[in-house]
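Notes to accompany the following structure.
The values are calculated or read from the model by the stated rules, or taken from the named source; none is laboratory data. Bear in mind the structure is a predicted one, so any value in this text is a computation, not a measurement. Cβ: placed from backbone, ideal geometry, glycine included. Neighbour counts: every protein chain shown. Note: accessible area is taken over every heavy atom of the protein model, side chains too, but ligands, DNA and RNA are not part of it. Shrake-Rupley method; radii C 1.70, N 1.55, O 1.52, S 1.80 Å.
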Amino acid sequence: FPVTIRETGVGGALGYYGVFSNDQSQSWVEGVALPVTYNTIEEAVGMTLGGASGSRVYIENTGVYNFQFSMQTYHDSPGTEILSIWFRKNGNDIPRSATDIGIDYQTETVPAWNYVSSMDAGDYFEIMVSSTMTDVYSLAIPGRTGPDRPAVPSVILTVTQVMYTQTGE
């Protein structure tokens with residue numbers, strides 16, 4: 001994965017961050033907990049992807065981090081299905097981190113929220129999903145024309161260190 005290293009921010013802010021996405025649709029299986037996966041590192045400083053499927057964001061430096069995601073979901077059979085989304089840290093479910101989302105038939109729904117967690121160097125964070133049916137997806141859409149517009153990834157995860165240090169004015 002390509003990695004871009006940036007200079008210290010305006011005012012001297014120093015911190016770690018990453019942006020991860022997946023340009024492939026992801027299928028969710030009825031009654032099975034599956035991790036959200038990423039196949040692209042848009043940018044990353046102080047963190048990387050890991051795990052067999054690219055589902056784990058490994059933190060390289062101890063600190064407090066904000067994990068923000070959006071996921072375009074869809075299902076293709078009549079009715080409303082429930083998608084449960086929650087967070088894991090080092091393979092353990094984070095208590096009280098789950099939310100259930102109703103996904104309507106042939107309607108894109110975009111769940112998006114954030115979670116702040118203290119992380120030690122070497123810890124990893126995952127987003128987990130389960131569905132009430134097997135016809136629920138995180139949908140990726142390629143770039144389009146008329147007008148030209150970029151692709152829609154199935155998921156985008158942005159991770160920012162809350163604050164490490166700041167110098168300057």
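Estimated from the Cβ-Cβ distance and a Förster radius of 35 angstrom, the FRET efficiency linking T40 and N61 is about 0.95.
Please find the FRET efficiency linking Y115 to D135, where r is the Cβ-Cβ separation and R0 is fixed at 35 Å, and quote it to the nearest 0.05. Computed FRET efficiency for Y115 and D135: 0.80.
Measuring with a 1.4 Å probe in the full set of protein chains, what accessible area per residue, in whole Å², belongs to the chain?
51
The alpha carbon gyration tensor of the stretch 16-78 gives principal lengths a ≥ b ≥ c with a/c of 1.5 or higher and a/b greater than b/c, which makes the shape prolate. In terms of its alpha-carbon gyration tensor, the stretch 93-169 comes out oblate; a/c meets the 1.5 threshold, while b/c is at least as large as a/b. Computed 3J(HN,Hα) for the stretch 80-85, one whole-Hz value per residue from the Karplus formula 6.51 cos²θ - 1.76 cosθ + 1.60 where θ = phi - 60°, is 10, 10, 9, 10, 9, 10, glycine and proline marked x. For the peptides 100-112, 27-39, the ranking by packing is 27-39, 100-112, with the highest mean count of neighbouring Cβ atoms within 10 Å listed first. Translational diffusion of the chain, estimated by Stokes-Einstein from the Kirkwood radius over alpha carbon pairs at 37 °C in a medium of 0.692 mPa s, is 194 µm² per second.
Apolar share of the accessible surface for the chain: 51 percent from carbon plus sulfur atoms, 1.4 Å probe.
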